[in-house]
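The structure appears right after this line, and notes come after that.
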Amino acid sequence: MEVTPQKQHQWLDKFIGEWTSETEYSMEPNGEPTKSTGTEIVRSIGGVWIVAEGTGDLPDGGIGTTMMTLGFDPQLDRFVGTFVGSMMTHLWLYNGSLDATEKVLTLDTAGPNFSQTAMAKYLDIIEFISDDHRVMKSQILMEDGNWNHFMTAHYRRQ
């Protein structure tokens with residue numbers, strides 16, 4: 001099977017490279033944020049997928065590893081992908097779209113809520129500030145119907 005990359009696949013090339021990250025997150029609404037640093041290497045698979053492998057500090061002093069895949073499905077007209085991490089057992093499935101400015105990719109997903117008692121909706125919002133700086137913000141839909149922003153990660157190209 002031969003695939004011709006679309007403009008959306010070419011947009012994903014912005015991720016390719018080596019990045020450093022600075023992350024702040026809090027699993028409690030209005031809780032004291034935890035900070036961590038890490039690195040990420042992003043490569044292309046055939047010009048139609050990207051794979052991002054990251055490592056970063058964990059609160060217990062260990063190192064966590066993450067893996068994200070992103071691509072574009074022309075039949076769905078949606079960006080699709082996955083996310084896994086060494087600190088969790090859930091496989092996150094992404095389905096998202098690019099805004100009109102082509103700077104913000106919003107990815108819908110679902111996973112365990114913070115107390116691990118039920119599934120919840122999540123948004124991972126990736127914004128390119130420049131070619132060398134992107135920000136990812138994560139939100140969870142709380143039981144009260146409000147979105148709780150719990151994580152912001154700044155990635156800077158090395």
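Within the stretch 55-82, residues that are within 24 Å of residue 34 (Cα to Cα) and at pLDDT below 95 have Cβ atoms under 9 Å from residues that are of a type in the set (S, T, N, Q) and open to solvent by less than 70 Å² (accessible area, probe 1.4 Å) in these pairs: 57/23; 57/36; 58/36; 59/34; 59/36, counting only partners at least 6 apart in sequence or on another chain. Residue 106 meets all of the listed conditions (1) out of contact with any Leu (no Cβ under 9 Å at 6 or more places or on another chain); (2) closer than 30 Å to residue 2 by Cα; (3) surrounded by 15 or more Cβ atoms within 10 Å (Cβ to Cβ) but one, namely (1). Taking the listed residues 129, 125, 140, the one that is modelled with pLDDT of 95 or more, among the hydrophobic types (A, V, I, L, M, F, W, C), assigned to a strand (DSSP E or B) and exposed (fewer than 14 other Cβ atoms within 10 Å of the Cβ) is 129, with no other qualifying. Among the residues of the stretch 74-121, those identified as under 18 Å from residue 50 (Cα atoms) and of a type in the set (Lys, Arg) are 78, 103. Out of curiosity, is residue 6 within 27 Å of residue 79 (Cα to Cα), open to solvent by 60 Å² or more (accessible area, probe 1.4 Å) and touching a Phe, Trp or Tyr at 6+ places or on another chain (Cβ under 9 Å)? Yes: the conditions hold for residue 6. When the residues of the stretch 143-158 are filtered to those that are part of a loop (DSSP other than H, G, I, E, B) and among the charged types (D, E, K, R), the one that is nearest to residue 54 (Cα to Cα) is 143.
Restricting 108, 131 to those that are under 14 Å from the mean Cα position of the chain (by Cα) and not β-branched (Val, Ile, Thr) reduces the list to 108. Among the residues in the stretch 97-112, are any without any contact (Cβ under 8 Å) to a residue 60 or more places away in the chain and touching a helix residue (DSSP H, G or I) at 6+ places or on another chain (Cβ under 9 Å)? Yes: the stretch 97-112 contains one or more residues that are without any contact (Cβ under 8 Å) to a residue 60 or more places away in the chain and touching a helix residue (DSSP H, G or I) at 6+ places or on another chain (Cβ under 9 Å). Just so you know, in the stretch 88-118 the residues that are out of contact with any Ser or Thr (no Cβ under 7 Å at 6 or more places or on another chain) and β-branched (Val, Ile, Thr) include one that is nearest to residue 67 (Cα to Cα), and it is 89.
The values are calculated or read from the model by the stated rules, or taken from the named source; none is laboratory data. The model shown is predicted, which means the values in this text are computed figures rather than measured ones. Don't worry about glycine lacking a Cβ; one is built from the backbone with ideal geometry, like all the others, and counts go over all protein chains shown. When the accessible area is computed, the model is the full protein with side chains, heavy atoms only, and any ligands, DNA or RNA have been set aside. Shrake-Rupley method; radii C 1.70, N 1.55, O 1.52, S 1.80 Å.
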